[in-house]
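Undergrad: A single structure is presented below for examination.
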Amino acid sequence: MPRADGFDADVAVIGLGAVGSSAAWRLAARGLDVIGFEQFEPGHPWGGSTGQTRLFRVACLEHPGLTPIARRARDLWRELEASARVPLFLETGGIMIGPPDSHLITGTLAAAAAHHLPVERLNAEGIARRSPANARIDAGDVGVWDPEAGILRPEAAIVAAVDAARAAGARIRTGVRVVAIEPDDEGVTVTVDDPDAAGLRVRQVAVTAGPWIGRFVPDMPLTPHRVVMTWFRARAGHRADLGVLPVFIRSVPGHDTWIWGHGASDASGSSEFASFDAKVGPEFDGPFASDDPDAIDRVVHPGETDEIAALVAATFPDLEPEPSGATTCIMMHTPDGQFVVGPTAHPRVFVGGGCSGHSFKHASALGELVAQAVAGEEPFTEAGFLDPRRFAG
């Protein structure tokens, strides 16, 4: 029922995935009247935040400006852990390995230098000591140890953020698909797929629909892309747990490419997390073919994992090269590999997304930045490099 001012809410949040769930929470925590829409259920497997784990790093090689966002995100993940009473973040430390002049190494060191991070530079012996499973490297490769890296549980984190939004007063509508938004000078009309529901009127809208963002902000250059995720078990008599294979991004011996991942949870002492095998994925290197998020192929077909299996065989002698499991998710890429967070061309429409393969670690803080933009506050850190309007024209 509309309020006395004629609006149904101050803000509608469209999509309650990685960024949207936190945006709804942080907006409601500010006392705004929030209504959140999720076409599935929180923590669903149909978008970009599925697959048991996501990497967390503070020495962010993608841009030095991401480091304060990662640290704010970690504070918010810990806050959600306390309120939900479930483990969401496990600090394992992480290692970057590659040629000393590669962006993987120089980008990591640039972020560390800009923010005085306690990283450690490693030679071959240091790499083997810190992460025995990563001992196979090319001659001349070096390592950088980030002690603040770790892993997150994406599905559980999203559920916790939605629960926190509800607790702060947000109205959450699940199983409801938003089909259109119509902004005007006074507010935004939000139309859902219920023929018996009239258009809702809100003052502002935050579009945080992951790979579906382009349905509502079509002039933004975002490319949804199907991705296959893979897991691997240790060979008989060998270890591949987090104790010997913590978070990593590294070069592949004898190959001009990169892989990323982390070790298994069982036998690692991380009993608060559900058991999972080692996770390894390939470098995300465009250009990317655009996939329809409503029609992507959810089946992993024979041969699709051959490339990653070959890279695992070349890198990790302690892992079985054939995957123990595989599934799909959707990523949303921007032309420059950075997120889109903040106002759009219309002053009542805001956006948060553009994962580009590295956003979940930041998601709680990206939700905070969305909330600050909607509320007209100064951002907690300089985030102009994420401004969605940078692609205008």
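The values are calculated or read from the model by the stated rules, or taken from the named source; none is laboratory data. For clarity, every value in this text was computed on a predicted model and none was experimentally measured. A quick note on method: Cβ atoms are made from the backbone with ideal geometry, for glycine too, and the neighbour counts reach across all protein chains shown. The protein model used for the area step is the full one, side chains on, heavy atoms only, and it has no ligands, DNA or RNA in it. Shrake-Rupley method; radii C 1.70, N 1.55, O 1.52, S 1.80 Å.
Undergrad: Between ARG171 and HIS238, what is the spin-label point distance in nm, taking each point 7 Å from the Cα along the Cα→C-beta axis?
TA: 5.7 nm
Undergrad: For the Cα atoms of the chain, what angle does the longest principal axis make with the long axis of helix 306-315, in degrees from 0 to 90, nearest 10?
TA: The two axes meet at around 50 degrees.
Undergrad: A further question follows. Could you state the accessible area per residue of the range 95-147 in Å², with a 1.4 Å probe and every protein chain left in place?
TA: 46 Å²
Undergrad: If contacts are Cα pairs under 8 angstrom and at least 6 residues apart, what is the relative contact order of the range 1-86 in percent?
TA: Dividing the mean separation by the residue count of the range 1-86 yields 19 percent.
Undergrad: Can you give the log10 of the normalised intensity I(q)/I(0) at q = 0.17, 0.22 Å⁻¹, computed with Debye over equal Cα scatterers of the range 317-393?
TA: For the range 317-393, the Cα-only Debye profile gives -0.68, -1.01.
Undergrad: With labels modelled as points extended 7 Å from the Cα through the Cβ direction, what inter-label distance (nm, one decimal) is found for PHE380 paired with GLU307?
TA: It works out to 3.7 nm between the two label points.
Undergrad: Right, here's the next one. Which order do the peptides 178-191, 9-22, 56-69 take when ranked by the mean count of other beta-carbon atoms within 10 Å per residue, highest first?
TA: Averaged packing, sorted descending, gives the order 9-22, 56-69, 178-191.
Undergrad: Based on the Cα gyration tensor of the range 151-308, what are the three equivalent ellipsoid semi-axes, each the root of five times an eigenvalue, rounded to whole Å and given largest first?
TA: 39, 22, 14
Undergrad: If you don't mind, another one. Helix 67-84 versus the longest principal axis of the chain: what is the Cα-based angle in degrees, 0 to 90, to the nearest 10?
TA: Long axis of 67-84 versus the principal axis of the chain: about 70 degrees.
Undergrad: Taking 0.36 nm per residue of separation and subtracting the Cα-Cα distance, what length does fully extending HIS346 through ASP185 add?
TA: 57.0 nm
Undergrad: Give me the percent of the accessible area of the range 321-382 that comes from carbon and sulfur atoms, probe 1.4 Å, all protein chains in place.
TA: Of the solvent-accessible surface of the range 321-382, carbon and sulfur hold 50 percent.
Undergrad: On the Cα set of the range 1-104, report Rg and Dmax in Å, please.
TA: Here Rg and the maximum Cα pair distance are 17.8, 63 Å.
Undergrad: Can you tell me the orientation of helix 154-167 relative to the chain, as the angle in degrees between its alpha-carbon axis and the longest Cα principal axis, to the nearest 10?
TA: So the helix axis and the longest Cα principal axis differ by about 30 degrees.
Undergrad: Using a Gaussian network model on the chain with a 10 Å cutoff between Cα atoms, which of SER359, SER251, SER324 fluctuates the most?
TA: SER324
Undergrad: Determine the percent antiparallel among the DSSP beta bridges restricted to the chain, to the nearest 5.
TA: Roughly 70 percent of the beta bridges in the chain run antiparallel, per DSSP.
Undergrad: While we're on this one: Explain nothing, just the number: dipole magnitude of the range 148-276 about its Cα centre with +1 on each Lys and Arg Cβ and -1 on each Asp and Glu Cβ, in debye rounded to the nearest 20.
TA: That gives a dipole near 500 debye.
Undergrad: While we're on this one: Starting with the highest mean, order 374-384, 225-235 by the number of other Cβ atoms within 10 Å, averaged over the residues of each peptide.
TA: 225-235, 374-384
Undergrad: Also, I was wondering about something else. For the range 1-148, which whole-number percentage of the solvent-accessible area (1.4 Å probe, protein heavy atoms only) is attributable to carbon and sulfur atoms?
TA: Roughly 55 percent, rounded to a whole number.
Undergrad: Between VAL300 and ALA114, 0.36 nm times their residue separation minus their Cα-Cα distance comes to what?
TA: Gain on extension, VAL300 to ALA114, equals 62.8 nm.
Undergrad: Could I have the simple spin-label model distance between ASP256 and ARG389, label points 7 Å from Cα toward Cβ, reported in nm to one decimal?
TA: Distance between the two pseudo-spin positions: 4.1 nm.
Undergrad: Sticking with this structure for a sec: Using alpha-carbon pairs under 8 Å, 6+ residues apart, how would you state the relative contact order of the chain in percent?
TA: Worked out over the chain, it gives 24 percent.
Undergrad: How much length, in nm to one decimal, is gained on full extension between ASP336 and ASP194, taken as 0.36 nm per residue of separation minus their Cα-Cα distance?
TA: Contour length minus Cα-Cα distance gives 47.4 nm.
Undergrad: What three numbers, in Å, describe the spread of the alpha carbons of the chain along their principal axes, ordered from the longest?
TA: Result, largest extent first: 68, 45, 44 Å.
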